[in-house]
Amino acid sequence: MDFDSLFKSQIDALKAEGNYRIFADLERRRGAFPQAGCHRDGGVGNVTVWCSNDYLAMGQHPAVVQAMVDTVQACGTGAGGTRNIGGNTVHHRALEAELADLHGKERALLFTSGYVSNWAALSTLGARIPNAVIFSDAGNHASMIEGIRHSRADKVLWAHNDWRDLDRKLHAVGERPKIVAFESVYSMDGDIAPIREIVEVCEAHGALSYIDEVHAVGMYGPRGGGVSEERGLAHRIDLIEGTLGKAFGVVGGYITGSDALCDFIRSFASGFIFTTALPPAVAAAATASIRHLKSSGTERAAQKAAVALVRAKLDHAGIPHMANDSHIIPVMIGDPVKCRMISDILMEDWGIYVQPINYPTVPKGTERLRITPGPNHSDADIDRLVAALGALWKRCAISHAVA
């Protein structure tokens, strides 16, 4: 069989649909973010990044950078193996203690990414709790879906953010062990779950509550513990999962919960047991970032102000964006080809980088630009973004109605 021809034909079909992904070749510059270099056509241009998940620019923070540099100088680069064999260090243990404290839990467990922490935790819980049923919000991230699938446990989908539907479906399975998996902030629409109602339903049915806070940690709550902290609910949630690669500005994932729960995942999750540990310098940098955001609200306040200003100016310009209570601004386009085209023109003509979000990340017909204002975006940056979008809306004949 000519495998390359098969591969090429499917890639060509993806391109024809407008869903082929093209990566920008960016160079982040310490101290200049959200400005970055963009390498193309043999040269380097300047762009303003408007779609980063480094929401608070903590990847540029002097204390975080210095912690990583100091630890590389002291320990070298890699961890030396899995946590079990040679990769367990004082820096990993310090970070886990910091995370457990952040969420008010007995213990935390590190993973190499938020994707892996979701995949490993859910697959282990579903596989090793006898006769378990996992109840998954219909809007859950691919990492959660893959973990549930890999567990081979029975799965029940409940309507997105519909706690009444969850209640009915939990009741229908009777006395079987139940795991309820959902997110706090959903990354594409930016909507926030009714966490209190979901937790109360879980408690009424004796279900284990599992919340993904990856787009909320660092961003919400007085210490950056996420929406569950902001709403005073963290102590009522069994497992809180998060990432170090978004608002904390580094890389890695984690879970927090009771000592028994975390030890259970540590002891049985293949995604933890057989994976090389995060480098000590990464762990040290993440610890510095978390400690800073526990005591500083400056970054969160500046970020919220930038979000409010962008939304107000988009409204004034008649640019459609999806309403939500989070920091994520989806600007709706509804066509994959136009979405790609607008992204390319923004980069080439305006020096604005916003990656198009197309299928399968979002359903077909809901293609969008996902804008994430940060604390370092200036008023001039915001004015330029809105002016560019206004010009392109007329040029590309995009509807001014919110999808």
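Mean sequence separation of contacting Cα pairs (under 8 Å, at least six apart), scaled by the length of the stretch 305-355, corresponds to a relative contact order of 20 percent.
Note: relative contact order over the stretch 137-239, using C-alpha pairs below 8 Å and six or more positions apart, is 22 percent. With all pairs of separate Cα atoms included, the stretch 208-288 yields a Kirkwood hydrodynamic radius of 13.5 Å.
In the complete set of protein chains, residue-level accessible area for Met341 is approximately 80 Å², probe 1.4 angstrom.
Taking 25 °C and 0.890 mPa s as conditions, the stretch 266-364 diffuses translationally at an estimated 139 µm²/s according to Stokes-Einstein applied to its Kirkwood radius (Cα pairs).
Average accessible surface for the chain: 43 Å² per residue, computed with a 1.4 Å probe over protein heavy atoms with every protein chain in place.
Cross-link check: pairs Lys105/Lys294; Lys169/Lys364; Lys105/Lys246; Lys8/Lys364 evaluated at a Cα-Cα cut-off of 25 Å; pairs beyond the cut-off: Lys169/Lys364. With all protein chains in place and ligands, DNA and RNA left out, the 1.4 Å accessible area ranks Thr243, Thr89 as Thr89, Thr243, largest first. Largest first, the extents of the alpha carbon coordinates of the stretch 90-249 on the three principal axes equal 44, 29, 29 Å.
Volume of the convex hull of the chain (Cα atoms only), normalised per residue: 165 Å³.
Going by accessible surface with a 1.4 Å probe and the largest first, Cys51, Cys202 read Cys51, Cys202. By the equivalent-ellipsoid construction on the alpha carbon gyration tensor, the stretch 147-222 comes out with semi-axes of 22, 15, 12 Å, ordered largest to smallest. State log₁₀ I(q)/I(0) for the stretch 316-385 at q = 0.19, 0.22, 0.25 Å⁻¹ as given by the Debye formula over alpha-carbon point scatterers of equal weight, solvent excluded. With no solvent term, the Cα-only Debye profile gives -0.82, -1.07, -1.29. Taking only alpha carbon atoms, the stretch 1-115 gives an Rg to Rh ratio of 1.10, where Rh is the Kirkwood radius. Kindly identify the stretch 61-109 as rounded, prolate or oblate by the Cα gyration tensor criterion: order the square roots of the eigenvalues as a ≥ b ≥ c, call it rounded if a/c is under 1.5, otherwise compare a/b with b/c, prolate if a/b is larger, else oblate. It is oblate, given that a/c is not under 1.5 and a/b is not larger than b/c. Accessible surface of Ser258, taken over heavy atoms with a 1.4 Å probe and every protein chain present, rounds to 50 Å². Computed packing ranks the peptides 122-135, 217-230 as 217-230, 122-135, most packed first, by mean other Cβ atoms within 10 Å.
Each part gets one Cα centre, and for the stretch 83-147 versus the stretch 323-353 those centres are 33 Å apart. Against the criterion of solvent-accessible heavy-atom surface with a 1.4 angstrom probe, Met1, Met322 sort, most first, into Met1, Met322. So if I take the centroid of the Cα atoms in the stretch 2-78 and the same for the stretch 230-260, what is the distance between those two points in Å? If we compute the Cα centre of each part, the gap is 25 Å. Rolling a 1.4 angstrom probe over the chain with all protein chains present gives an accessible area of which 53% lies on carbon and sulfur atoms.
If you count the DSSP beta bridges with both ends in the chain, what percent of them are antiparallel, to the nearest 5?
In the chain, approximately 60 percent of DSSP beta bridges are antiparallel ones.
Solvent-accessible surface (1.4 Å probe) assigned to Trp119 amounts to roughly 60 Å².
Per residue of the chain, the DSSP helices (runs of n ≥ 4 H) give a summed -39500 (n - 2.57) that works out to -13500 deg cm²/dmol at 222 nm. The value of relative contact order for the chain, using C-alpha pairs under 8 Å at least six residues apart, is 21 percent.
Within the stretch 51-175, the proportion of Cα pairs with more than 19 Å between them is 67 percent.
Placing a label point 7 Å from the Cα of Ile11 along the Cα-to-Cβ line, the residues of the stretch 25-52 whose backbone N sits under 19 Å from it are 25, 41.
The values are calculated or read from the model by the stated rules, or taken from the named source; none is laboratory data. All values reported here derive from a predicted model rather than from experimental measurement. Here the Cβ is made from the backbone with ideal geometry for all residues, glycine too, and neighbour counts use every protein chain on show. Heads up: the accessible areas ignore ligands, DNA and RNA and are worked out on the full protein's heavy atoms, side chains in. Shrake-Rupley method; radii C 1.70, N 1.55, O 1.52, S 1.80 Å.
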